[in-house]
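Structure first, then comments.
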Amino acid sequence: MDKEGCMLCDKSIRLPLCFSCMGEEIKSWLGAKDPRLVELLEGNNFFLRTYNRNTEKCLSCAKELNVCVDCYTYEVREILETYNPEYIEEFNEIFSLAIPKRRR
């Protein structure tokens with residue numbers, strides 16, 4: 001495994017932004033749409049915080065990176081598909097740099 005890679009897909013982290021910083025933006029957007037989904041996102045973030053192995057730091061908060069933006073947005077998209085699929089198109093327009101296929 002690549003020491004600097006994503007803990008979910010093991011690919012290089014191409015955008016040094018941690019899921020916590022990205023998550024805050026997503027929670028702000030999602031809270032205006034459906035506050036119940038913010039709790040699901042929080043649970044997912046708690047799980048992702050257990051991963052830790054990188055020395056590369058987030059450009060925004062300087063925390064260690066562990067999950068790439070593509071995998072994080074994929075995980076959020078899974079929550080939306082399950083609980084509120086009508087938000088997926090808008091989510092993709094706002095937050096997705098690229099829509100990855102299943103990466104695991």
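The values are calculated or read from the model by the stated rules, or taken from the named source; none is laboratory data. Note that this is a predicted model, so its numbers are computed, not measured. Cβ coordinates were reconstructed from backbone atoms using ideal geometry, including for glycine residues, and neighbour counts include every protein chain displayed.
Here is a yes/no grid of residues against (1) surrounded by fewer than 18 Cβ atoms within 10 Å (Cβ to Cβ); (2) of a type in the set (A, V, I, L, M); (3) outside any helix (DSSP H, G or I); (4) modelled with pLDDT under 90:
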{"residue": "Cys21", "(1), (2), (3), (4)": "yes, no, no, yes"}
{"residue": "Asn45", "(1), (2), (3), (4)": "no, no, no, yes"}
{"residue": "Thr82", "(1), (2), (3), (4)": "yes, no, no, no"}
{"residue": "Glu86", "(1), (2), (3), (4)": "yes, no, no, no"}
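Which members of the range 10-19 meet the condition of being outside any loop (DSSP other than H, G, I, E, B) and over 12 Å from the mean Cα position of the chain (by Cα)?
Ser12
Being surrounded by 14 or more Cβ atoms within 10 Å (Cβ to Cβ), modelled with pLDDT under 80 and either closer than 20 Å to Asn92 by Cβ or not aliphatic (A, V, I, L, M) (or both) is the requirement here; does Asn52 meet it? So Asn52 fails the test.
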